[in-house]
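> Input: one structure, supplied below.
The values are calculated or read from the model by the stated rules, or taken from the named source; none is laboratory data. Nothing here was measured: the structure is a model prediction, and the numbers come from that model. Glycine gets a Cβ as well: all are built from the backbone with ideal geometry, and neighbour counts include every protein chain shown. Surface areas here come from the heavy atoms of the whole protein model, side chains and all, with no ligands, DNA or RNA. Shrake-Rupley method; radii C 1.70, N 1.55, O 1.52, S 1.80 Å.
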Amino acid sequence: MSMQNKYHILEQAYPDMLAGIGMLIQKGKLSRRFASLQLNETEIQELIKAKELCELRIIELWEHRNEEESANEFKVLCSIYFDIASQLAAIVEDEYFVYETLKLIAFGYLGEHWHFVKQYLKGISDHIEHLELGESWNNRILTVSFKAIVQLVKKENWQDISRAVELINQLRNEQNQFEATFLNQVKEESRPYGAAELVSLYHFAKGIDILGQYLIEGRPLEPEEQLRYHLQISAEYAQKSRNISLSLLYQFFEAFAIKMVRNTIWHNTRGINNWVTRFNRFICRQEQKGLFELLYPQKESILEGELLNPAHRAIVVNLPTSSGKTLIAEYRILQALNQFKAQSGWVAYVVPTKALVNQIYNQLKKDLGNIGLSVEKASGAIELDGFEQHLIEEGGNQTTFDVLVTTYEKMNLLVRQGLGTTQQRPLVLTVVDEAHNIEEKQRGLNLEFLLSTIKNDCEEANFLLMTPDISNSNDVVNWLAGDRGQVINLELDWWQPNERVIGSIQVEGRGRDYDYLLTTLHTDKGTYEVGDAIPLSQINNAVETASQARASKVKIAKTVGASFLNLNSPIIVLASAPGETYSIAESLFEQTNDNFVEDEDVNLLIKLVQSELGNDFPLARFLRRRIAIHSSALPDEIRFLI
C-alpha cells in the first residue's frame, strides 16, 4: 500500500465529502518542513472536517477492531487520524487540550505510530509543562494523570517512567488536602455525581501506575488483567457521574494501555531464555535512549515472523532501513548462543564494509558486552593479523569470544582456514547485514561463496539475512535450509520509520534571476507527494547564470543545502567522492556564522580532530559552525563520533 492508497481508505469511507483529501494531508505534513508550502484557511477547515469524519469511522469500527476483516482498515484509519491531528494547531484551553491530546496519543499508538507520537509530544512539551493544575480536585487529577501518560510515551530512560509514577504518587499525597474541599464545593444534589467522578479518576490513575511499573521492570507479569479491572471500574463510575467525555477517554486509554503493554520488550520476549531477560534489563536501564517498546516491524518479526523459532535454520528479514534490524539480530544472537551454550557455539556478524564493522562492533560491544558476552572484530584487510592468526589455530578451538564482527571477505578467509568448522567450537549463527548485496555482481559472488562455504563446512550453522529487500528471498532460504527456511516479509508500505519526500530539484528561470524548486516524485513506498512544485530557494542577481547552476549537481547541493541549514532540523548532503565533501562543506561554512551555544561534545571532537589530523585540518574549522564531514578518508574513531 503506497502513501496515496493509505489515505484513499479514508476517501472511500466518505467519497462525497473527502474527495482528494489524501493530497491535502500530504501537503499539510510537508508544510511543516517547507515554509513556502503553507495551508490556507479553507484547506485547514477541510482537514478539521477530515479529522472529525476519520474519528467517526474509527468509532464505528471500534467493536470490530480486532476482527480480521476490519483490523487493517481500523489500524490505517488510526494512523491517518494521527497524521491529520498532529499537523493542526493544538487547542490551548487546558481541559479540552488534555482530552484531544490523549485521543491523539491513543489513536497514534493504535495506528502503530508510537515513534511519531513520541516525536510529536516532544514538539509540544513546553505547552504540556505549563498546563495549570488548578484547585479543582477532579481537574487536578486529570491533568496530573495526563502529564504522567506523556512521560510514559516520551520516555528516554527509566527515570522518565519513574517520574510518571511519582506524579501518580503525588496525587495520593494530595488526596486528603483536596478531596473534601472539592466535594463540599459541589451542590448537595450533585455530590453523588462528583464522588463517582473522583472514583473513576482514582482508578484511571491506578491504571497509569500499573502501566509505569510494567514498563520499568516487566511486572506485574499479567498487567492487562489489572488494567482492565481498574479501567472497567473507571468506566462504570464515569457513567454514574454522567461524564460522557470521561467515559470515551477511558475507552481510548484502555486500548492505548493494552497496546503499549503488547509493544514492550517484556511482553514480546517473555520466557525465551535468561540471556534475553538480562539483555532486556540492561537496555531499559540505560541512562540515555533506554529501550522499552519494539517498533511495529520488530514486534511482527518476532511474533508473526517466528524470528526466534529454532526450527528455522535460515531466515531472511526484509525490512526498510531504520526499522530496527540490529535489535532483531541481537535477540536472534542471544537465542542462538543460549541454544548452543553447551557446545561453546559462537556467532558471526558479517557486513559489507570496514566502516560497518566498527559501527556494529561498537553497538554489540555496548549492548551484549554489558551482559557478560564477549564481542570481537576482525579487520577488513586481506591478510591475517596476530589476533586473526590466533582465531584459526586448531580451528578456533582456543578462542573464547561469543560474537565476531567482520566483513564478508574476511569471514570467508577465516572459515576456509577452519574457523567455526569444529565440533568443539562451532559457528552456530551467521548474521548477514545488507544481504541485498547478494544480488550485486562482484560483492554478491563473494557473499554467495561465503554462505556456501559455511553451509557445507559448519555443521551447526544457522543463518539470519537482513535487508531492505531481496527479490528472490524464497530461493535464498530454500538453498540454505530447504523446508526449514523462513522469509519475514511484512506488508509495511503504509508504515515507515520516518517521514520522507522524494523529489527532483530543478532550476527555473533565466539569466541571473532564478528559483530552485522541488518536484515530488511518486514511488511505490511510503513517500509524500503533492501536485505543485515546492519553492526551495529564490536567487536574484546571482554570480552564476541559471544555465551554469543547472550544469552541476554539486552547485545545486551547495545552494539548496545552505538555504536549509538549521540545528533543529539537520540535513545530510551525499557527495560522490571524499574530496567532494570538503568542497560542499567549505561552501556551507562560508554561508553560515559562529552563533552557537558552547557544546562540550563538539569541543572534544574538535580537539580530537586537531590531535589526530593537525590544527589546520578543515574539519576542525567546519565543526565550529556545526558542519561535519563523514567519509572513508577519516579515521574510524572520528567517523564514529561524528
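> In nm, what is the difference between 0.36 nm times the number of residues separating Asn474 and Ile44 and their Cα-Cα distance?
On the way: separation 430, 0.36 × 430 = 154.80 nm, distance 4.67 nm.
My answer for the length gained is 150.1 nm.
> How long is the gain from His390 to Glu52 if the chain were fully straight, where each residue apart is worth 0.36 nm and the alpha carbon distance is subtracted? Numbers along the way, then the final one.
Values: separation 338, 0.36 × 338 = 121.68 nm, distance 6.68 nm.
Length gained between His390 and Glu52: 115.0 nm.
> Right, here's the next one. For Glu217 and Ser125, what does the FRET efficiency come to when R0 = 30 Å and r is the distance between their Cβ atoms, rounded to the nearest 0.05? Let's see the in-between values first.
On the way: r = 26 Å, r/R0 = 0.86.
Computed FRET efficiency for Glu217 and Ser125: 0.70.
> Below 8 Å, C-alpha to C-alpha, sequence gap of six or more: please give me the relative contact order for the chain in percent. Each step should come with its number before you reach the end.
Working: 946 pairs, mean separation 70.6, N = 642.
The value is 11 percent.
> For the residue pair Trp62 and Lys187, what label-to-label distance in nm results when each label sits 7 Å from Cα along the Cα-to-beta-carbon direction?
Calculated label separation equals 2.9 nm.
> Still on this structure: Just to be sure I understand the model, the point goes 7 Å from the Cα along the line to the Cβ. What's the resulting Arg262 to Glu439 distance in nm?
In this crude spin-label approximation the distance works out to 3.3 nm.
> Can you classify the chain as rounded, prolate or oblate using the Cα gyration tensor, where a ≥ b ≥ c are the square roots of its eigenvalues, rounded means a/c under 1.5, and otherwise it's prolate if a/b beats b/c and oblate if not?
Numbers: a/c = 1.79, a/b = 1.26, b/c = 1.42.
Note, shape of the chain comes out oblate.
> Next up: Work out the FRET efficiency for Glu590 and Ser36 from their Cβ-Cβ distance, taking R0 = 30 Å, and round it to the nearest 0.05. Don't skip to the end; give the middle numbers.
Working: r = 24 Å, r/R0 = 0.80.
It comes out at approximately 0.80.
> Take the solvent-accessible surface of the protein heavy atoms, probe 1.4 Å, and return the percent of it on the chain that carbon and sulfur atoms account for. Kindly include the intermediate steps, with their values, before the conclusion.
Working: 14090 of 30230 Å².
Ligands and nucleic acids excluded, carbon and sulfur reach 47 percent.
> Let me ask something else about it. At what distance in nm do the modelled label points of Lys289 and Glu580 sit from each other, each positioned 7 Å from its Cα along Cα→Cβ?
2.8
> Cα centroids of the range 555-629 and the range 303-376: how far apart, whole angstrom?
One Cα centre to the other: 34 Å.
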